[in-house]
Amino acid sequence: MLSTGMVRKVDNLGRIVLPIELRRTMGIEVDDPLEFFTDENRLVLNKYERGCIFCGQYEPDDLHAYKGHMVCRTCLQEMHEAKGEAETES
């Protein structure tokens, strides 16, 4: 995990402000939903993605986390096949 050096205080309503630099870097826009995770004493925020990042398919049993994003089995298979084709060409 990379430290940004940014520190923010929680206000009396429990809110924090995400700095614009961080939002731009992470591609977080106004009204984007964020998902909260906890790991021991850490709080992790992820951009919430309901379905496959590539095709948008939402079938909970068919979605897999890949590098922080949800990807359906079909798109994973297509990426795997494309990688094999690229390796064959080189």
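No value in this document is a laboratory result; all are computed from the given coordinates. Model, not experiment: these values are computed from the prediction. As a convention, Cβ positions derive from the backbone with ideal geometry for all residues, glycine included, and neighbour counts pool all protein chains shown.
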Protection proxy ranking of 73-81, 31-39, 7-15, 46-54 - average other beta-carbon atoms within 10 Å, highest first: 46-54, 73-81, 31-39, 7-15
Nearest 500 deg cm²/dmol is fine: what mean residue ellipticity at 222 nm does the chain get from its DSSP H runs of n ≥ 4 alone, each adding -39,500 (n - 2.57), divided by its residue count? -8500 deg cm²/dmol
Note the full-extension length gain between Asp32 and Met79 as 0.36 nm times their separation in residues minus their Cα-Cα distance, in nm to one decimal. 14.2 nm
For labels at Glu59 and Leu45 in the simple 7 Å Cα→Cβ model, what's the distance in nm? 3.4
So what is log10(I(q)/I(0)) for segment 49-90 at q = 0.34 1/Å, when the Debye sum runs over its Cα atoms only? -1.12
Per residue, the convex hull volume that the Cα atoms of the chain enclose (Å³): 173
Straight-line reach check, Lys67, cutoff 27 Å on alpha carbons, 8 or more apart in-chain or any other chain, hits among lysines -> Lys47, Lys83
Once the dipole of the chain is set up from charges on Cβ (+1 Lys and Arg, -1 Asp and Glu), the residue from the list Gly51, Val10, Phe36 lying farthest towards its positive end is Val10
